[in-house]
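To start, the structure itself, in structure tokens.
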Amino acid sequence: MSKVIVITGASAGIGAQLARQLAARGDYLMLGARSAKELNQLARSCGRDTFAYTTDVTRRQDVNRLRDEALRTFDHVDVWINNAGRGITRNVMELTDADIDEMISVNLKSALYGIQAIVPHFQERGQGHLINVSSMLSRIPFAGFRSAYSASKSALNTLTANLRMDLRADFPGIQVSLVLPGAVSTGFAANSLHAPEDAAAMQGAQSVEEVANAIIELIDQPRAEIYTNPEVQQPQVRSYYEDVAAFEDRLAAR
């Protein structure tokens, strides 16, 4: 059965690929992103049941307008995906106040705005599915130069879990999910704050199609959280939390 789905950060990367695959299977889409030209081109390529609304997710009023546009167009929303995000290329000791503010604004507050925009609608309907896209780096310190990004995504994990617990007793029909991709072959590295000019995707990264497939499976079969590459990611995370010191020693020796 077709769903009405809102995706933020939809003009490129995971969001754009997810839009293409959802549109191809017949879902109704409202796409939000700052890049109006790319967003509108994507919406046109997805077909007549996909709409675009230029949105700066760091502005609460923009996120509220994205919700309002979705409700005006489709009357209801089944799934809301907080996908917008940005990386950074700075170690802890290099970080500035502005770096931290940017990471919190784009990666955490934007998701909060999405949550507070759509959850009341879900509560009125007694159903709905909120999906927050985080990162495996929120669990394991694989990349020191993504320090503030990882911290902001770790905060997103906690926000997501607490929302799920807040809703479960009175609103069992509302699903709240967390998605934890690892490295993905997108323009994320090149578009990160302070990225070097020669920044490139990490070798061995998952394809954007694989990540989109994992999120689509989550839409169809809601769960609290997923790793998009579980065969690799889950053993690594388990190993880290079983013995943090030993894991970090192995990582440092590489």
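The values are calculated or read from the model by the stated rules, or taken from the named source; none is laboratory data. Computed from a prediction, not measured in an experiment: that's the story for all the values here. Neighbour counts are summed over all protein chains in view; Cβ atoms, including those assigned to glycine, are modelled from backbone coordinates with ideal geometry.
So that you can scan it fast, the table gives a plain yes or no per residue for (1) assigned to a helix (DSSP H, G or I); (2) surrounded by fewer than 14 Cβ atoms within 10 Å (Cβ to Cβ); (3) touching a strand residue (DSSP E or B) at 6+ places or on another chain (Cβ under 8 Å); (4) at pLDDT below 95:
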| site | (1), (2), (3), (4) |
| --- | --- |
| V211 | yes, no, yes, no |
| I216 | yes, no, no, no |
| I219 | yes, no, yes, no |
| R250 | yes, yes, no, yes |
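Scan the stretch 94-111 for residues that are farther than 18 Å from F145 by Cα and either surrounded by 18 or more Cβ atoms within 10 Å (Cβ to Cβ) or at pLDDT below 95 (or both) and report the count. Before the answer, list the steps.
From the stretch 94-111, those farther than 18 Å from F145 by Cα are 105, 108-111; that's our starting set.
From what's left, either surrounded by 18 or more Cβ atoms within 10 Å (Cβ to Cβ) or at pLDDT below 95 (or both): 108-111.
Summing the residues that are farther than 18 Å from F145 by Cα and either surrounded by 18 or more Cβ atoms within 10 Å (Cβ to Cβ) or at pLDDT below 95 (or both) in the stretch 94-111 gives 4.
Scanning for something in a helix (DSSP H, G or I), in contact with a strand residue (DSSP E or B) (Cβ under 8 Å, 6 or more places away or on another chain), within 20 Å of E217 (Cα to Cα) and not basic (K, R), does the stretch 136-147 turn up at least one residue? I'd like the intermediate steps shown before the answer.
Looking only at the stretch 136-147, we keep the residues that are in a helix (DSSP H, G or I), and these are 136-138, 147.
Going one step further and asking which of them are in contact with a strand residue (DSSP E or B) (Cβ under 8 Å, 6 or more places away or on another chain), we end up with 136-138, 147.
Among the residues that remain, those that are also within 20 Å of E217 (Cα to Cα) are: 136.
Now restrict to residues that are not basic (K, R): 136.
Looking for residues that are in a helix (DSSP H, G or I), in contact with a strand residue (DSSP E or B) (Cβ under 8 Å, 6 or more places away or on another chain), within 20 Å of E217 (Cα to Cα) and not basic (K, R), one finds at least one in the stretch 136-147, hence yes.
Name the residues in the stretch 126-158 that are surrounded by fewer than 19 Cβ atoms within 10 Å (Cβ to Cβ) and under 15 Å from V176 (Cα atoms), would you?
Answer for the stretch 126-158, where residues must be surrounded by fewer than 19 Cβ atoms within 10 Å (Cβ to Cβ) and under 15 Å from V176 (Cα atoms): G126, Q127, N157, T158.
How about the stretch 32-48: which of its residues are farther than 20 Å from Q116 by Cβ and touching a Leu at 6+ places or on another chain (Cβ under 7 Å)?
L39, L42, A43, C46
Answer yes if at least one residue in the stretch 9-24 is over 18 Å from the mean Cα position of the chain (by Cα), of a type in the set (D, E, K, R) and surrounded by fewer than 22 Cβ atoms within 10 Å (Cβ to Cβ), and no otherwise.
no
Can we say T54 is among the β-branched types (V, I, T), at pLDDT 95 or above and over 22 Å from V179 (Cβ atoms)?
Numbers: among the β-branched types (V, I, T): yes; at pLDDT 95 or above: yes; over 22 Å from V179 (Cβ atoms): yes.
It is true that T54 is among the β-branched types (V, I, T), at pLDDT 95 or above and over 22 Å from V179 (Cβ atoms).
I'm checking my understanding of the structure. Among residues of the stretch 221-238 that are out of contact with any Ser or Thr (no Cβ under 7 Å at 6 or more places or on another chain) and in a loop (DSSP other than H, G, I, E, B), which one is surrounded by the fewest Cβ atoms within 10 Å (Cβ to Cβ)?
Of everything passing the filter in the stretch 221-238, Q221 is surrounded by the fewest Cβ atoms within 10 Å (Cβ to Cβ).
Tell me whether the stretch 61-80 contains one or more residues that are out of contact with any strand residue (DSSP E or B) (no Cβ under 7 Å at 6 or more places or on another chain) and among the polar types (S, T, N, Q).
Yes.
Any chance the stretch 77-90 includes a residue that's surrounded by fewer than 16 Cβ atoms within 10 Å (Cβ to Cβ), of a type outside the set (S, T, N, Q), touching a residue at least 12 places away in the same chain (Cβ under 8 Å) and within 27 Å of G126 (Cβ to Cβ)?
no
Tell me, please, whether a residue that is in a helix (DSSP H, G or I), at pLDDT below 95, crowded, with 17+ Cβ neighbours inside 10 Å and more than 21 Å from the chain's Cα centre (by Cα) can be found in the stretch 201-209.
no
Go through the stretch 49-64 residue by residue and tally those that are touching a residue at least 24 places away in the same chain (Cβ under 8 Å), closer than 13 Å to Q116 by Cα and of a type in the set (S, T, N, Q).
Matching residues across the stretch 49-64 total 1.
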